[in-house]
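The values are calculated or read from the model by the stated rules, or taken from the named source; none is laboratory data. Please read these numbers as outputs of a predicted model, since none were measured by experiment. With ideal geometry, Cβ positions are generated from the backbone for all residues, glycine too; neighbour counts draw on all protein chains shown.
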Amino acid sequence: MHVRIAIAAALAAAGLAGAHAASAQKMLASYPTLTTQAAQQAVQAALARCQKDGFTVAVAVVDRGGQPLALLRDNLAGWHTSATATGKAATAVSFRTDTTELAASTQAGRPSSGIRALPDVVAVGGGLMIRAKGSLVGAIGVSGAPTAEADDACAKAGIAAISDAIELE
C-alpha cells in the first residue's frame with residue numbers, strides 16, 4: 001500500500017513539474033519594439049521637416065510601452081513642447097490610435113469624453129503610432145507647430161525616415 005502511495009505521489013510531482021515548465025513558456029512575451037537608433041533617426045527627420053516649414057517644435061519617440069526613447073527640442077520651442085510631445089506619443093501608444101482621431105472621438109458630449117480627464121492623456125493632434133510588420137512598435141509626438149495638422153505632417157516625416165528600415169528587419 002505504501003509503495004502505491006509513493007508511486008502516486010511521485011507521478012503527481014512529475015506531472016506538476018511538467019505543467020509548471022509548460023506554463024512558464026506561456027508566461028513570457030516576445031514582441032518587436034523600436035530601438036534607440038530608430039527613435040533618434042525619426043526625431044531628427046521630424047524636427048528637420050518642422051524647421052524647414054518654419055516651425056519651432058519638440059519631437060519625442062516612445063517605445064511600445066510609452067517610455068521615451070528620444071527627444072529633440074528646437075532651442076526656440078516653448079518650454080511646454082517637450083512634455084507635450086512626449087505625452088502625445090505615449091497617448092497614441094496607450095490608446096493605440098493617432099491623437100488626432102482621439103481628439104475627435106473624445107470631444108465634450110461624446111461617450112468617450114472622460115478619457116481626456118485621465119492622468120497624462122494628451123488628446124491633441126500630433127501623436128502618431130509607429131507600426132512595423134503589422135505590430136505597434138512605438139509612437140512619435142510633435143508639439144509646437146501652429147496646427148495639429150502641421151504637427152502630424154512633421155510626425156509623418158519622422159516615421160517615413162525609418163519605415164523602410166523597420167519593415168525590412
Have a look at Arg96, Arg49 and point out the one that is surrounded by fewer than 14 Cβ atoms within 10 Å (Cβ to Cβ), among the charged types (D, E, K, R) and at pLDDT 95 or above.
Arg96
If you go through segment 126-140, how many residues are part of a strand (DSSP E or B) and free of Cβ contacts under 8 Å to residues at least 24 places away in the same chain?
1
Quick one: count up the residues across segment 99-117 that are of a type outside the set (S, T, N, Q) and in a helix (DSSP H, G or I).
8
Can you name the condition, by its number, that Gly54 falls short on among (1) modelled with pLDDT of 95 or more; (2) touching a strand residue (DSSP E or B) at 6+ places or on another chain (Cβ under 9 Å); (3) not in a helix (DSSP H, G or I)?
(2)
Segment 67-98, subset touching an Asp or Glu at 6+ places or on another chain (Cβ under 9 Å) and not in a helix (DSSP H, G or I), residue farthest from Ala161 (Cα to Cα)
Asp98
Out of Ala123, Ala145, Ala153, which single residue is more than 17 Å from the chain's Cα centre (by Cα), assigned to a loop (DSSP other than H, G, I, E, B), surrounded by 12 or more Cβ atoms within 10 Å (Cβ to Cβ) and at pLDDT 95 or above?
Ala145
Given Thr99, Thr86, Thr106, Thr81, which one is among the polar types (S, T, N, Q), touching a residue at least 24 places away in the same chain (Cβ under 8 Å) and touching a helix residue (DSSP H, G or I) at 6+ places or on another chain (Cβ under 6 Å)?
Thr99
